[in-house]
Amino acid sequence: MTSSDKGSAANWLAPFRGKKPVEVRVVIPGSKSVTNRALILAAQAEGTSKLRRPLVSRDSELMVGGLKALGLSINEKQENGDLLFEVTGGSLKGPAKIDVGNAGTVMRFLPPLAALADGEISFDGDPRSHERPLGPVIKALEELGISINHGGRYALPLTMQNLSGGKIRGGEIEIDASASSQFLSALLLIAPSTELGITAKHIGGALPSMPHIEMTVQMLRDFGAKVTVDKDKNTWRVEPGKLIAQDLVIEPDLSNAAPFMSIAMVCGGSVTIADWPKQTTQPGDQLREIFTKMGAQVEFVSGETGGLKITGGAIHGIDVDLHDVGELTPAIAALCALADSPSYLQGIGHLRLHETDRLAALRAEINALGGDVIEEPTALRINPKPLHAGVFHTYEDHRLATSGATIGLVVEGIEVENIATTRKTIPDFPGLWSSLLS
C-alpha cells in the first residue's frame, strides 16, 4: 500500500504535493456523454456500429447491461490495443429488469428506448435515483401511449409496457427540461424510430446544459437522422427514418479532464491532455476559456506528445455563469477555494438535482476545511481562506471526490470519503491521479 492509498478504513488520503511543479501528459478515458448516446443510437441503427475507445465505467456498464437486457448484441473486443464495442442494432424485447444505478443518462435515456420494446420492462436503481427528477420523461412517454406504473410518484422505480407491440406513433410533445437537458435529449434520441418522428418543444424556464443538447443533435445527424432546430421557439424536430451504423472514435471526456488540468494550476508546471479535439460539442471544451481567465496558459501542442497543454501560474478568482456547463462547477469551485481573490459561480441552481445537491455539498465540505463559501439559491460565493486537514465527504458524487483530491494537492491531510465513487466515469481515478504525482 502506498502513502496515497492510506487514510481511515473508509477514506482515501489524497496525495499531497505542495508547490512542486509537474510536467506530465495524461490520457483521459472516453466521454460518458458521447459513449452512452452512441450506444442508444447504435441500438436503433441498421447494421453493426463500431464504437472505438468507449468509456468503461459504472455508468457505461449500466447502459451496456440495460441494452443487453433488452436483447441487443454488444461484443466487446480489443483492436490495435484499443477497446472496441461492436453494437448490432435490432428489435428490442422484454420482459427485462434494468438497473440504472445513479446514472442520469441511463435512467433518462433507456426508458424511451425501452418503449420501443415488446414486453414488460422494469427500472430501478440506487436509493438516490428514486429522488432524482424523471417526471417529464415519464409524462412524455405516457402521452405517447406507453403504460407506466410508477405509483403516482413520476419517479423510479417504475414498470412500463408498450401495448402497441413496440410501435410508437410520435408527434408533437411539450416538455419542461429546465431541471435537466437530458429530458429533451431522451426524446430526441428515439425520435427516428417513431412512426411520425418527434417535434419536442421546451416549455419551462431556462434550459440548462445547451452543449449537451447540441451534442445529441450532432450525434443524431452523424447516424443519419434529419434534425431541424428552431432555437427562437425552443423547438427540435427529428424526422422518422432508419439510422445507419457508424464507425466512430469516442472523444476523451473533457469534463473529467478538469481535475487533471487543475494539477498544473495548483502545483505549477504543465499538464498535457492527450487527444483534445479541435472541434467538439462537449461542455468541457469551455475549460480552455475558463482556466485561461483563472490564470493558466492554455495551448494546443503538436507532435507525438501533443494535445492540450495547461501551464500553471497564479490562480485568480472568477465571476462566471456556469448554467450551460454546470458539471464543471465542482472542479472550478475547488480551484476557487485555493485562488488569490474571491469568486462568484452563478446560474447553477439545477445542480441541486444532480448526484447530490452539489451547491450544499461544496459549501459544507469546503467550509469544514476552514473555507468561506456562501451558498445562494442558484450560486456560490467563494472567498479563499487558508484550509486545513480533514475529511472531504463525497455524497456518492464522483465530481465531489475529485474536488477533494484537487484540494489535497496543497492541503496536507485531506481524506476523501468513498473515492470509489469516481468509478462512475473514471475506471481507476486513484491510480491515474497518483501516477501523475509520483
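Each value in this text was obtained by applying a stated rule to the coordinates, not by laboratory testing. None of these values were measured; they are calculated from a predicted model. Positions of Cβ are generated from backbone atoms using ideal geometry, with glycine treated the same way; all protein chains shown enter the neighbour counts.
Between S302 and V24, the contour length at 0.36 nm per residue exceeds the alpha carbon distance by 98.6 nm. So, counting K/R as plus one and D/E as minus one, what does the shell of residues with Cβ under 10 Å around E195 add up to? Once positives and negatives cancel, what remains is +2. Dividing the summed helix terms, -39500 (n - 2.57) for each DSSP H run of n ≥ 4, by the number of residues in the chain produces a 222 nm estimate of -8500 deg cm²/dmol to the nearest 500. If only the Cβ of Lys and Arg carry +1 and only the Cβ of Asp and Glu carry -1, the dipole of the chain around its Cα centre is close to 240 debye. For the set K167/K201; K293/K385; K242/K278; K139/K231, the pairs lying more than 25 angstrom apart at their alpha carbons are K242/K278. Per the Debye formula on identical point scatterers at the alpha carbon atoms of the chain, with no solvent, log10 I(q)/I(0) at q = 0.08, 0.12 Å⁻¹ is -0.44, -0.99. Summary of packing: across the peptides 364-377, 141-154, the per-residue average of other C-beta atoms within 10 Å ranks them, highest first, as 364-377, 141-154. The share of Cα pairs per 5 Å bin across region 384-438, counted from zero up to the longest distance, runs 4, 21, 29, 26, 14, 5, 1 percent. PRE reach from A389 (point 7 Å along Cα→Cβ): which of region 395-414 fall under 11 Å by backbone N? Residues 412-414 qualify, since their backbone N sits under 11 Å from the label point. Within the listed set S31, S57, S341, the Gaussian network model of the chain (springs between alpha-carbon atoms below 10 Å) gives the highest mean-square fluctuation for S341.
Taking a straight line from the alpha carbon of K97, these lysines sit under 19 Å away, with near neighbours fewer than eight places off in the same chain left out: K68. Segment A10..Y344, full-extension length gain: 117.0 nm, with 0.36 nm per residue of separation and the alpha-carbon distance subtracted. Charge dipole (Cα centre; +1 on Lys/Arg Cβ, -1 on Asp/Glu Cβ; no other charges) of region 32-249 amounts to roughly 100 debye. Within a straight-line Cα-Cα reach of under 17 Å, K32 can be paired with the following lysines, leaving aside sequence neighbours fewer than 8 residues apart in one chain: K50, K424. Considering all different alpha carbon pairs of region 198-336, the Kirkwood hydrodynamic radius works out to 17.0 Å.
Across the chain, C-alpha contacts under 8 Å between residues 6 or more apart give a mean separation that, scaled by the residue count, equals a relative contact order of 18 percent.
Length gain on complete extension for the stretch D222 to S73, per 0.36 nm per residue less the alpha carbon to alpha carbon distance? Between D222 and S73, full extension yields an extra 51.5 nm. Remark on region 32-249: hydrodynamic radius 17.0 angstrom, per the Kirkwood mean of 1/r across alpha carbon pairs. Residue ranges 342-351, 103-112 sort as 103-112, 342-351 when ordered by packing (mean number of other C-beta atoms within 10 Å per residue, highest first).
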